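Laboratory data are not the source of any read-out in this text; all were calculated from the coordinates shown. All of these numbers come straight from a predicted model, not from anything done at the bench. Cβ placement follows ideal geometry from the backbone for every residue including glycine, while neighbour counts extend to all protein chains displayed.
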Amino acid sequence: MAKRVGNGVLRIKRWCQLSWRRRLILSGIVGAGATLSFAGLIAVRLALARQQNPEPQAILILDGPDYRVRQAAKFAQQYPDLPIWISGNCSQRSGVRKAFATAQVSTRVRYDLQATDTVTHFTTLANDFTAQEIRHVYVITSDYHMARVKTVATLIFGSRGIAIAPVAQPSQYRPSDESWLKVIRDGLRALVWLVTGHSGARFNPRLPAEAACGLQAVRSSRDGFLSARSPGVFPQD
């Protein structure tokens, strides 16, 4: 035991004796190795998920503007055997329920009322899908939003071995209108969640002003829909 402690102390001394440039190079090598290993692990898990489940097993709709939900409800009509999740704290509003009723898919819809932004759409459902052995999912959002969704889903769902089949719905915006800064930011948040279990959603400056939406969602649960797990806000792309 003493010998191991001594060897550890010796390694620390050697590290401290290195110049800052060598430390930076070594840290970069270690970081690059860890990143490649993680990326490789996700790639293998996604390949296995698609091999074992070539067809999606569920539909996940990311709540947003009502037109998105209406388009998603029409898409769901093509797959009558698949369960439908809609993720978003305000997803029980009347416009959403009307869209599902019009498309005659209401009986298949499961409301997850935890998400408040793009990252939490996936952090709140990753473990649930894993527990239900769902390994391949249609993910529906607007076309301009898809690049960010793919980045976040690859990291969060991919780490759980869940593949996605993206379904981009047309909108009034172009994919180029989405800032790459948002893609990078949410990618970093996804990595932080993987390491710490925290997504950083509580730092969203819009949360206090829009918290009323969470209360409305809780009240709507009296109409027979799933109740909210936690109050929040309308999910922001």
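Quick check: residue separation of I184 and L82 times 0.36 nm, minus the Cα distance between them. What number comes out in nm? Gain in length upon complete extension: 33.5 nm. Legend: calculated FRET efficiency, R50 to A101, from the Cβ-Cβ distance at R0 = 45 Å, rounded to 0.05, equals 0.85. Taking every alpha-carbon pair under 8 Å whose residues sit at least 6 apart, the stretch 84-212 reaches a relative contact order of 23 percent. Our estimate of slack between L191 and R174, defined as 0.36 nm per intervening residue step minus the Cα-Cα distance, is 3.4 nm.
Share of pairwise Cα-Cα distances greater than 23 Å in the stretch 113-211 is 25 percent (whole percent). Using the Cβ-Cβ distance between Q132 and D66 with R0 = 22 Å, the FRET efficiency computed as 1/(1 + (r/R0)^6) comes to roughly 0.20. Computed extension gain for S94 through R202, at 0.36 nm per residue and net of the alpha carbon distance, reaches 36.2 nm.
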